[in-house]
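The values are calculated or read from the model by the stated rules, or taken from the named source; none is laboratory data. None of the values given here were measured: they were computed from a predicted structure. Every residue, glycine among them, receives a Cβ derived from its backbone with ideal geometry; neighbour counts consider all protein chains shown.
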Amino acid sequence: MPRGGYRPGAGRPKGRTGKSKTIPITTAGKTMTPLEFMLAVMRDPKQDRELRARMAIAAAPYIHARAGESAGKKQDKADRAKAAGKGKFSQGKPPFKVVQ
C-alpha cells in the first residue's frame with residue numbers, strides 16, 4: 001500500500017480558517033453562549049442542587065484563574081530583582097557631557 005503523497009480530497013477545505021466558533025444556545029427566544037447558559041442554570045434556584053453544582057464546577061475555570069497562574073517563578077524572581085535594585089543599589093546618573 002502506498003504511503004504519503006497527494007490524496008484527492010485530503011486536508012482542510014479551501015476558505016476555512018480553522019478557528020472554532022462559539023455555538024449560541026437559544027433558550028426562550030434568548031441567545032446565550034455556553035458559559036452564559038451554565039451561569040444561568042447555576043444561578044436558578046428552581047434547578048436541582050446537584051445540577052447547579054455541576055454547572056458551577058464546569059464554569060469555574062472560565063471565570064476564575066488558578067492560584068499559581070498569575071505569576072510564576074520567573075516573574076517572582078524578576079520582581080525581587082527589581083525591588084533589590086532600588087534605593088542604595090539603584091543605577092546612577094550618566095556622566096555629564098559637554099557638546100562643543
Residue among LYS46, LYS30 that alone is at pLDDT 85 or above, out of contact with any helix residue (DSSP H, G or I) (no Cβ under 7 Å at 6 or more places or on another chain) and among the basic types (Lys, Arg): LYS46
Subset tally (residues that are of a type outside the set (A, V, I, L, M, F, W, C) and surrounded by 10 or more Cβ atoms within 10 Å (Cβ to Cβ)) for region 73-100: 6
Filtered residue count, region 49-98, keeping only those that are basic (Lys, Arg) and assigned to a loop (DSSP other than H, G, I, E, B): 4
The lone exception for SER20 - which of (1) modelled with pLDDT of 80 or more; (2) under 25 Å from HIS64 (Cα atoms) it fails: (1)
Matching entry among PHE37, PHE96, PHE89 (being touching a residue at least 12 places away in the same chain (Cβ under 8 Å) and out of contact with any Leu (no Cβ under 7 Å at 6 or more places or on another chain)): PHE37
